[in-house]
Amino acid sequence: MLQDSLSYDRQLKEIRRNNRVSAVQTDPGEFLSGIRSSDRLHPVITLVVYWGEEPWNGARSLHDILDFGTDPVLAHELKQLVPEYPLQFLNLSEEHDYSVYRSELRTLFELYNRRKDWGNFIRYAREHEECRHLDPETYWTLGILLNTGKLKEMLPQAERKEHDMANNVIDEIWEHAMEEGIEKGKLKTLYDLVQNGLLSIKDAAAQAAMTESTFMAEMQKAGY
């Protein structure tokens with residue numbers, strides 16, 4: 001609410017400055033206020049984006065954090081007088097359609113929405129050309145949100161290889177599995193990547209320190 005007010009205040013100050021410079025004749029009221037009756041402000045909209053995994057349990061409007069007392073009649077009357085000031089709220093754990101966005105924000109949301117399915121994430125990164133032309137801030141933001149160090153370090157370059165984002169994510173998934181030291185988890189990750197066509201059997205077998213035939217046999221035993 002304070003940020004919105006400051007934005008409107010900046011607009012008003014700019015209008016007053018321009019009106020003083022133009023020195024157009026105005027009536028006394030407009031002269032004193034510095035604002036003409038024809039002047040208009042641009043609307044300011046603050047969008048609250050919630051990235052959390054848990055359901056949002058915070059306030060959704062100003063009324064949610066105000067104490068209107070215990071008298072229901074008085075409380076009702078007060079609520080009619082006090083602006084509700086609702087949040088323009090985007091919950092990324094509930095929202096799944098980002099087609100209304102036309103900037104890199106849409107790509108960021110689409111990738112974040114696939115954070116629990118790395119195969120789907122990598123496939124999206126490979127199939128969408130815009131993923132290879134994101135600005136540094138988007139890469140960094142995505143790296144922070146997904147806690148993937150390789151994405152945080154990546155900066156778009158003129159001659160970036162075609163699948164840099166996807167390949168870096170594959171490397172990161174493997175590194176996390178190695179750090180956790182969970183053998184089944186490591187192998188399952190490799191099985192998933194191979195089954196989804198995101199990693200060759202040769203490379204997966206090398207990661208697992210197995211021959212290709214042994215890796216394929218173990219993969220089949222696991223039900224893949």
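The values are calculated or read from the model by the stated rules, or taken from the named source; none is laboratory data. Bear in mind that the values here come from a model prediction, so they are computed numbers and not experimental data. For neighbour counting, all protein chains shown are included, and Cβ atoms are generated from backbone atoms with ideal geometry for every residue, glycine included. The accessibility values were calculated without ligands, DNA or RNA, using every heavy atom of the protein model including side chains. Shrake-Rupley method; radii C 1.70, N 1.55, O 1.52, S 1.80 Å.
A few remarks follow.
- Yes/no for Gly29 being surrounded by 10 or more Cβ atoms within 10 Å (Cβ to Cβ) and not in a helix (DSSP H, G or I): no
- Filtered by the rule that a residue be under 17 Å from Gly143 (Cβ atoms), modelled with pLDDT under 80 and assigned to a helix (DSSP H, G or I), the stretch 113-131 gives Trp118, Phe121, Ile122, Ala125, Cys131.
- Qualifying residue in the stretch 41-48 (condition: under 27 Å from Tyr112 (Cβ atoms), of a type in the set (A, V, I, L, M) and touching a Leu at 6+ places or on another chain (Cβ under 7 Å)): yes
- The listed residue being in a helix (DSSP H, G or I), open to solvent by 100 Å² or more (accessible area, probe 1.4 Å), farther than 29 Å from Leu198 by Cα and among the charged types (D, E, K, R), out of Arg20, Arg16: Arg20
- Scanning the stretch 94-109 turns up no residue that is under 30 Å from Lys188 (Cβ atoms), at pLDDT below 85, outside any helix (DSSP H, G or I) and open to solvent by less than 50 Å² (accessible area, probe 1.4 Å).
- When each of Leu74, Leu62 is tested for being at pLDDT 90 or above and either within 30 Å of Leu12 (Cα to Cα) or surrounded by 12 or more Cβ atoms within 10 Å (Cβ to Cβ) (or both), the lone residue that passes is Leu62.
- Failed item in (1) surrounded by 11 or more Cβ atoms within 10 Å (Cβ to Cβ); (2) free of Cβ contacts under 8 Å to residues at least 60 places away in the same chain, with Tyr112 passing the rest: (2)
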